[in-house]
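Colleague: Got a structure here, written out as structure tokens. Questions coming.
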Amino acid sequence: MRMSEEETAWISNEYWDCPLFAAVKSFVKEVSIMDGMPAEHPSIVFYLAVYAIDDIKCTDNRERRLERCRNLRRDIIYYLKSNNYSDENKLAAVIIYCVQYGLEALSFSGCIKEICILSEHINELVTDPTTKYEIREASRKYFWVEDFQKWFVGYYEGKVFISETIIAKLREMRKANPPKEEVVKKTGRGNRNWELFTDESLKEQKINEFRELFAKRNLSMKNISLRSSDCEDVILSFYRDMKTNQIIDSSKNPKGYLRFMKAAGVTFDSTDSNVEKKLRKIL
């Protein structure tokens, strides 16, 4: 669902003094005057950029972190398209630029692979050399400054996650004042304590995608051990993708996800209660 004016205004007011929001806001406005580049509210760019940054920083395993970076373009474009934002490719590029320039504030050698992956996404989304040069020059003014870089290093190494605060606030705002389309039509999300989906056709679609993901990785769906990093990565990333793209409710639902996986044909080498406990920790 698109952010409302009230929601973008709240983000802008809440994070007005945040160095990342200040850099994103100035960067977005300057990029918007370049030929062919989109003009979107800085709040949506800030939210999607900080969500990606938080997702990267909370992933300790290097391979999983690189996988997050590889999937970032796909995830952002899916979110933008499903929420009817225009110029989704170039808007995704602007968001990924913000993530990349944030990471460049860290030790370059420590995240060179992540930065290279993000740079590849940008090169595929923005092909005009002049536009890319102009964007790089704009970035230097707002991201390559000492105050921002010091703040970003402290944020990345800390335990605060701005995206979690935003998600909680937006959930609170939408609960207090549900959008009309949400009142009239449910999107297929299930009950937090029971099923992930109430829409059976949507459930079947996601089950098929889940099975395809296991097949693509050449992983068995039988007698799974959550001690296996490969299986855990598939299970966790699939759930996070559904939550990020607002296909399911943003609240943790280990019981519902376990039922979903069992419906897809998954079996585990442990009891349901143990699997639920593990899911509650990692989701």
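The values are calculated or read from the model by the stated rules, or taken from the named source; none is laboratory data. Values in this document were obtained by computation on a predicted structure and should not be read as measured data. Cβ coordinates were reconstructed from backbone atoms using ideal geometry, including for glycine residues, and neighbour counts include every protein chain displayed.
Colleague: For the range 16-97, which helices (runs of 4 or more DSSP H) that fit wholly inside it have 2 or more residues that are over 22 Å from T165 (Cα atoms) and at pLDDT below 90?
Modeller: 62-82
Colleague: Suppose we keep only residues that are under 27 Å from L80 (Cβ atoms) and in contact (Cβ under 8 Å) with a residue 40 or more places away in the chain within the range 211-234. Which one would you say is surrounded by the fewest Cβ atoms within 10 Å (Cβ to Cβ)?
Modeller: Filtering the range 211-234 for residues that are under 27 Å from L80 (Cβ atoms) and in contact (Cβ under 8 Å) with a residue 40 or more places away in the chain, the one surrounded by the fewest Cβ atoms within 10 Å (Cβ to Cβ) comes out as R211.
Colleague: Scan the range 194-217 for residues that are more than 22 Å from the chain's Cα centre (by Cα), farther than 13 Å from V234 by Cα and aliphatic (A, V, I, L, M) and report the count.
Modeller: Selection size over the range 194-217: 0.
Colleague: Could you list, in sequence order, the residues of the range 11-30 that are in contact with a Pro (Cβ under 8 Å, 6 or more places away or on another chain) and under 16 Å from Y97 (Cα atoms)?
Modeller: If the condition is that a residue be in contact with a Pro (Cβ under 8 Å, 6 or more places away or on another chain) and under 16 Å from Y97 (Cα atoms), then F21, V24, K25, V28, K29 are the ones that fit.
Colleague: Follow-up question, since we're still on this one. In the range 233-282, which residues are of a type in the set (S, T, Y) and part of a helix (DSSP H, G or I)?
Modeller: S237, Y239, T244, Y257, S273
Colleague: For the range 35-48, which positions are closer than 19 Å to K141 by Cβ and crowded, with 17+ Cβ neighbours inside 10 Å?
Modeller: M37, P42, V45, F46
Colleague: In this structure, is S109 farther than 17 Å from V24 by Cα, modelled with pLDDT under 90 and assigned to a helix (DSSP H, G or I)?
Modeller: The answer is yes for S109.
Colleague: Something else about it: Quick check on the range 49-91: of everything there that is among the polar types (S, T, N, Q) and touching a residue at least 12 places away in the same chain (Cβ under 8 Å), which residue is surrounded by the fewest Cβ atoms within 10 Å (Cβ to Cβ)?
Modeller: By that ranking, first place goes to N84.
Colleague: I've got another one for you. Looking at T131 and the list (1) in the same structural domain as G36 (by TED's automatic domain parsing); (2) without any contact (Cβ under 8 Å) to a residue 12 or more places away in the chain, which single condition is not satisfied?
Modeller: Result: T131 passes all but (2).
Colleague: Just to be sure, is D230 at pLDDT below 85 and either touching a strand residue (DSSP E or B) at 6+ places or on another chain (Cβ under 8 Å) or outside any helix (DSSP H, G or I) (or both)?
Modeller: no
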